[in-house]
Amino acid sequence: MSWFKKEVLDHANPQCIAVSGCQGSGKSTLSAYFVAYLKSQGRMAESVSIDDFYYCKAKRLALSKQYAPPFVTRGAPGTHDIEQAITAVNRFKQGKPFVLPRFDKAIDDPHPEDKWTPVNAKLDVLVVEGWCLGIPHQTAAQLTESCNAFEAQVDPERLYRSQVNTFLKTDYQRLFRLFDKLVFLNGQSFEHVLRWRLEQEQKLIERCGKGMSYQQIEAFIQPFQRLTEWGIKTLPERCDLELVLSKDRSIILNDDYKQ
């Protein structure tokens, strides 16, 4: 925690800390640890996931009709209410009370507002975690070639990936600029994402007796591949702290200080 103490605990508040990393890398666990550590040091802290800012099903259906069919499925840049996220972070930085939404993945819609988290004006640190945080947009040339079967079959004319890239280049960068520090959990390869998702699904099968097959999981994660691999390539030079993970998610490299 030496980096966290020097760069967060010893700095003036309020601070917004982003935790970025691929699916299954441990973002939620690390964010919860940061919050618990801050509270143990007498600071007021709260965390939220970018997932909590997902649009409702009806809004995503409208986006799918306006831009490209895959926008009906939550996940990619463009499926979050970024204006709501920006408002929350700005109010936090201004020392004003605000509310953090909560999303119910079981019904694929936001929780009712009475289940959202109210935050008072005395909060010192807000931790925001998400799989695409801090990732820069790509050039038009980089979008030309499909990176997997999903892009080749579902997005052959590049409408979806181009619009995702536009959202990432515009609205999402406005949010990213509000982050005071960026922590990157580097999963190193998309193959690790598949491995971790399979492990998660196996535990679900053992607990509930049902779950997705290998083929279903592979198809499920393909829409995330392009930006996951782009983040692995670009975020080590853009983040403030990089934690490199092995295939079993243990930390094998801690890039503790970036000068």
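The values are calculated or read from the model by the stated rules, or taken from the named source; none is laboratory data. Owing to the predicted nature of the structure, the values given are computational and were not obtained by experimental measurement. Methodologically, a virtual Cβ is constructed for each residue, glycine included, from the backbone with ideal geometry; neighbour enumeration extends over all protein chains shown.
Quick look at the values:
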{"read-out": "Identity of the residue in the range 174-196, in contact (Cβ under 8 Å) with a residue 60 or more places away in the chain and aliphatic (A, V, I, L, M), that ends up farthest from residue 136 (Cα to Cα)", "value": "193"}
{"read-out": "Count - residues of the range 149-181 that are outside any helix (DSSP H, G or I) and buried (at least 20 other Cβ atoms within 10 Å of the Cβ)", "value": "2"}
{"read-out": "Matching entry among 217, 205 (being over 24 Å from residue 53 (Cβ atoms), in contact with a Lys or Arg (Cβ under 9 Å, 6 or more places away or on another chain) and among the β-branched types (Val, Ile, Thr))", "value": "217"}
{"read-out": "Out of 40, 31, 20, sole residue that is touching a helix residue (DSSP H, G or I) at 6+ places or on another chain (Cβ under 8 Å) and within 24 Å of residue 241 (Cα to Cα)", "value": "20"}
{"read-out": "The lone exception for residue 192 - which of (1) surrounded by 16 or more Cβ atoms within 10 Å (Cβ to Cβ); (2) part of a loop (DSSP other than H, G, I, E, B); (3) of a type outside the set (D, E, K, R); (4) at pLDDT below 95 it fails", "value": "(2)"}
{"read-out": "Tally of residues being buried (at least 20 other Cβ atoms within 10 Å of the Cβ) and of a type in the set (A, V, I, L, M) across the range 90-122", "value": "1"}
{"read-out": "Residue tally, condition part of a helix (DSSP H, G or I), more than 24 Å from residue 159 (Cβ to Cβ) and in contact (Cβ under 8 Å) with a residue 40 or more places away in the chain, over the range 208-252", "value": "3"}
{"read-out": "Test: residue 243 is under 17 Å from the mean Cα position of the chain (by Cα), crowded, with 19+ Cβ neighbours inside 10 Å and over 27 Å from residue 81 (Cα atoms)", "value": "yes"}
{"read-out": "Cβ pairs under 8 Å, 6+ apart, first in the range 146-165 and without any contact (Cβ under 8 Å) to a residue 12 or more places away in the chain, second surrounded by fewer than 20 Cβ atoms within 10 Å (Cβ to Cβ) and part of a helix (DSSP H, G or I)", "value": "146/152"}
{"read-out": "Residue in the range 207-230 that is within 28 Å of residue 69 (Cβ to Cβ), modelled with pLDDT of 85 or more and among the acidic types (Asp, Glu) present", "value": "yes"}
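Conditions (1) free of Cβ contacts under 8 Å to residues at least 12 places away in the same chain; (2) farther than 24 Å from residue 155 by Cβ; (3) basic (Lys, Arg), marked per residue:
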{"residue": "7", "(1), (2), (3)": "no, yes, no"}
{"residue": "16", "(1), (2), (3)": "no, yes, no"}
{"residue": "31", "(1), (2), (3)": "no, yes, no"}
{"residue": "36", "(1), (2), (3)": "yes, yes, no"}
{"residue": "64", "(1), (2), (3)": "yes, no, no"}
{"residue": "76", "(1), (2), (3)": "no, no, no"}
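So that you can scan it fast, the table gives a plain yes or no per residue for (1) closer than 30 Å to residue 145 by Cα; (2) in contact with a helix residue (DSSP H, G or I) (Cβ under 9 Å, 6 or more places away or on another chain):
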site: 196; (1), (2): yes, no
site: 202; (1), (2): no, no
site: 208; (1), (2): no, no
site: 232; (1), (2): yes, yes
site: 247; (1), (2): yes, yes
